[in-house]
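See below for the structure under consideration.
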Amino acid sequence: MKIDAILMNQSGTQEQLLKEVVENPGVIQSYLKGAVPSLLGFLIQVVVAILVLLIGTRIIKCLVRFIGKCLQRGKAEAGVITFLCSCVKYALYFLLAMIILGQFGVATSSVVAVLGSAGLTLGLALQGSLSNFAGGVLILLLKPFVVGDYILENGTGQEGTVSAITIFYTKLLTIDNKVIMIPNGTLSNSAITNLSSMEKRRIDLQVSVSYDANLAEVKEVLKKVLSGETAILTEEAVDIYVSELADSAVQMGVRAWVKNEDYWPVRWRLLENIKNALDENHISIPYPQLDVTVKEQDKQI
């Protein structure tokens, strides 16, 4: 009964509204006249906000580019330039967002107050990002590596040439042209091997020869191969020695120094030339062998 009464009251109210509109059409006209200025004002605010966004974005790009060029003229490191430009860009975009909100009557002080009161919550939610940001700052200050260095992250085994150091991530370019993104927090809290920080690098090779081989002859062959490699640094000592008496071979150690950029080409050439030289001198390179002896027992009937 109560529901029926409510429906009857609603239908009666709608009929009264329709009757008033029919009898007095000026009600709609007066409503539209009052709403048009507000709508036009809102549209103007939207247009102004779009213009501010477009112009502000263009200005931010120009400012970031100008700051980058100034840092390059000051001979700043590429990692520092990338990091500072990223910080400036995000700060300017935040300022632009505050300006656009102000166009719609939103008090920026209220927004800042809300962000301040929610700082603890945001800090917990963005803990990983803040850790990566702090890691990026530590990397730029302590300089365990710079853009262009070849590094190895010992925790995960990822390695490559550092191509950029951003706010939150460091980009590595692998030798097969892949891009690896490693969080700065991970790099700042793990062991890193920088393979490019020194000008010279030592090549360590292990060569297996047969127990029947004459070790003096083997050393002469290896010495001849090393003397024929022009990229080896002559001011550094070259070592050829017996490193281990293994199960099925004698392990010969070879050590030589080269420039950092020549490490891999020289290593590959030495391995190939050593194999060819041993073959020419009839020195065998053994492989693991297993001798199996089968004993037969007499069968008793």
Exercise. Taking H placed 1.01 Å from N in the peptide plane, check which residues at least 5 places from MET252 or on another chain put their amide H under 5 Å from its amide H.
Key: VAL207, SER208, VAL209, SER243
Quiz item: What accessible area, in Å² to the nearest ten, does a 1.4 Å probe give for CYS62?
Solution: 70 Å²
Exercise. Please work out how much length the chain gains when fully extended from TYR241 to GLU280, using 0.36 nm per residue of separation minus the C-alpha to C-alpha distance, in nm with one decimal.
Key: 12.0 nm
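Just how large is the dipole of the range 230-283 about the Cα centre, in debye to the nearest 20, putting +1 at every Lys and Arg Cβ and -1 at every Asp and Glu Cβ?
For this selection, approximately 100 debye.
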Self-check item: the range 154-192 residues near the modelled LEU138 label - backbone nitrogen below 11 Å, point 7 Å along Cα→Cβ
Solution: 184-191
Quiz item: How large is ³J(HN,Hα) for each residue in the range 251-262, as worked out from phi by the Karplus curve 6.51 cos²θ - 1.76 cosθ + 1.60 (θ = phi - 60°), to whole Hz, x for Gly and Pro?
Solution: 8, 9, x, 10, 10, 8, 10, 9, 5, 4, 6, 9
Exercise. Taking all protein chains together and a probe of 1.4 Å, list MET198, MET252, MET181, MET98 from the most accessible to the least accessible.
Key: MET198, MET181, MET98, MET252
Self-check item: Signed unit charges on C-beta, dipole axis of the range 176-264, positive-most listed residue SER188, ALA231, ALA216
Solution: SER188
Exercise. Sticking with the crude label model, points 7 Å out along Cα→Cβ, report the distance from LEU130 to THR174 in nm, one decimal please.
Key: 3.4 nm
Practice problem: Please work out the Cα center distance from the range 125-204 to the range 216-247, rounded to the nearest Å. | Solution: 34 Å
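The values are calculated or read from the model by the stated rules, or taken from the named source; none is laboratory data. Values in this document were obtained by computation on a predicted structure and should not be read as measured data. In this analysis, Cβ positions are derived from the backbone assuming ideal geometry, glycine residues included, and neighbour counts consider all displayed protein chains. All accessible areas refer to the heavy atoms of the entire protein, side chains included, with ligands and DNA or RNA removed. Shrake-Rupley method; radii C 1.70, N 1.55, O 1.52, S 1.80 Å.
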